[in-house]
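Everything on this sheet refers to the single structure shown next.
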Amino acid sequence: MKKCLSAALAALLLAGCGMNQNSKTVTESDLLHHNFVLQSVDGVAVKPQPGSAPSIEFGEKMHVSGAMCNRFFGSGQLQNGVLTVQNLASTRKLCTDEQRNQWDQTIGAVLGKGAKVSLNAQQLTLSGGDHILVYTLRDWVQ
C-alpha cells in the first residue's frame, strides 16, 4: 500500500511541476532584448522572401518594434501575460505582397486590443481576437 501511495504522490508532484512550467506567466525580463521572426499567422506559414523577414523585438521599458510589410513600434505594457501596445505607430508603404499588407492590420489590431503572450522554449505566441501569431527566437547576437 505504501508503494502505491508513494507512486501516486510522485506522479501527482510531477504532473504539478509540468503544469506550472506550461502556465508560467511571461514577464518583461523574459522578452527583454530578444528578437523573434514570424513563422505563421492564423496557421498560415510565412513564405521566406529576400530582404527583411517579418519580426518583433522587445527593448528597454517594453519598447516593441518590428516589421510585417511596414515597420512598427510603440511602448508596450505587459500585465498578467497580456501585451498591449496603445498607439502603435508604423510606416505606411504599400507592399506588393497582399498577405503582408493584411498582416500589418493584424499585428496592429492584436497588439492594440491586447495579446495573450506565451513563451515555450524558443517559440513566442501572440494570440488575440481571432488571430494567432507564432514567432521563433532569432536574436541578433547568439
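Bear in mind that the values in this text are calculations on the coordinates, not laboratory data. Note that the structure is a prediction, hence the values are computed from the model and not measured. Heads up, the Cβs are rebuilt from the backbone with ideal geometry, glycines too, and the neighbour counts pull from every protein chain shown.
Here's how it looks for Cys69: its modeled amide H is under 5 Å from those of Asp104, which are all 5 or more places away or on a different chain.
Site pair Glu28 and Gln99 shows an inter-label distance of 3.6 nm when each label is modelled 7 Å from Cα along Cα→Cβ.
According to the Kirkwood relation over distinct C-alpha pairs, the hydrodynamic radius of the range 25-137 is 13.8 Å. Fully extending the segment from Ala53 to Gln77, taken as 0.36 nm per residue of separation minus the present Cα-Cα distance, adds 6.2 nm.
Along the range 75-84 the Karplus relation, 6.51 cos²θ - 1.76 cosθ + 1.60 evaluated at θ = phi - 60°, assigns HN-Hα couplings of 9, x, 10, 10, 10, 6, x, 10, 9, 10 Hz to successive residues, with x for each Gly and Pro. With θ taken as phi - 60° and the Karplus curve 6.51 cos²θ - 1.76 cosθ + 1.60 applied, the whole-hertz 3J(HN,Hα) list for the range 50-67 is x, x, 8, 8, x, 7, 8, 9, 10, x, 3, 6, 6, 6, 9, 8, x, 8 Hz, x standing for glycine and proline. Available extension along the chain between Ala109 and Ala45 is 21.1 nm, counting 0.36 nm per residue and deducting the alpha carbon span.
Placing a label point 7 Å from the Cα of Asp130 along the Cα-to-Cβ line, the residues of the range 81-109 whose backbone N sits under 14 Å from it are 106. Couplings for the range 98-103, taken from phi via the Karplus curve 6.51 cos²θ - 1.76 cosθ + 1.60 with θ = phi - 60°, read 4, 5, 5, 4, 5, 5 Hz in order; Gly and Pro are left as x.
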